[in-house]
Amino acid sequence: MKFTIFGEPVSLNISLNQHWSERSKRNRRLKDTVFALAWNAGWRKSMPKCNQVTITIIGWRGDNDNAIAGCKPIIDALWKNDIIIDDNPKNCRIEYKFLKGKPKQVEVEINGT
């Protein structure tokens with residue numbers, strides 16, 4: 001299953017300087033967005049949880065570590081929506097790729113059972 005989130009991940013530097021309520025609202029919206037995108041991509045609650053995620057970040061111009069940290073809310077949303085087993089590296093393999101290009105977007109590919 002594969003879906004795209006348009007826009008770039010929020011940098012960890014920006015996220016840490018936000019008020020906790022703003023960060024919470026953004027993460028809640030992201031959780032709902034991930035659920036809707038996964039549903040449109042064919043995922044259903046009755047399906048087994050996946051154990052492999054590939055996140056491709058397109059158009060990122062900053063530090064790669066910041067981008068990976070900025071994707072943590074996406075991983076959390078996948079877990080909270082019961083799409084992946086867990087975000088623990090022992091249970092779920094998470095891979096990050098970086099590509100140049102436009103528009104800025106994050107492609108999420110989920111595999112495995």
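The values are calculated or read from the model by the stated rules, or taken from the named source; none is laboratory data. Because the structure is predicted, anything quoted here is derived from the model rather than measured. Please note: Cβ atoms are built from the backbone with ideal geometry, for glycine as well, and neighbour counts cover all protein chains shown.
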Residues of region 74-106 being touching a strand residue (DSSP E or B) at 6+ places or on another chain (Cβ under 9 Å) and part of a loop (DSSP other than H, G, I, E, B), which ones?
-> I83, I85, D87, N91, C92, K100, G101, K102, P103, K104
Of all residues in region 34-63 being touching a Cys at 6+ places or on another chain (Cβ under 8 Å) and among the β-branched types (V, I, T), which is farthest from K97 (Cα to Cα)?
-> V53
From (1) modelled with pLDDT of 90 or more; (2) under 15 Å from the mean Cα position of the chain (by Cα); (3) surrounded by 12 or more Cβ atoms within 10 Å (Cβ to Cβ), pick out the condition that doesn't hold for P9.
-> (1)
Has region 85-106 got any residue that is among the basic types (K, R) and within 20 Å of S46 (Cα to Cα)?
-> no
Does region 27-35 contain at least one residue that is hydroxyl-bearing (S, T, Y), within 22 Å of M1 (Cβ to Cβ), buried (at least 16 other Cβ atoms within 10 Å of the Cβ) and in contact (Cβ under 8 Å) with a residue 12 or more places away in the chain?
-> no
Please work out if T56 is of a type in the set (S, T, N, Q), under 16 Å from M1 (Cα atoms) and outside any helix (DSSP H, G or I).
-> yes
Check I85 against each of (1) surrounded by fewer than 17 Cβ atoms within 10 Å (Cβ to Cβ); (2) aliphatic (A, V, I, L, M); (3) over 17 Å from K2 (Cβ atoms) and name the one condition it does not meet.
-> (1)
With the condition kept exactly as written, say whether any residue in region 63-70 is surrounded by 13 or more Cβ atoms within 10 Å (Cβ to Cβ), within 18 Å of T33 (Cβ to Cβ) and in contact (Cβ under 8 Å) with a residue 60 or more places away in the chain.
-> yes
Out of (1) more than 22 Å from M1 (Cα to Cα); (2) of a type outside the set (D, E, K, R); (3) surrounded by 12 or more Cβ atoms within 10 Å (Cβ to Cβ), what's the single condition that is false for N17?
-> (3)
Find the residue count for region 25-72, including only residues that are closer than 17 Å to S11 by Cβ and aromatic (F, W, Y).
-> 1
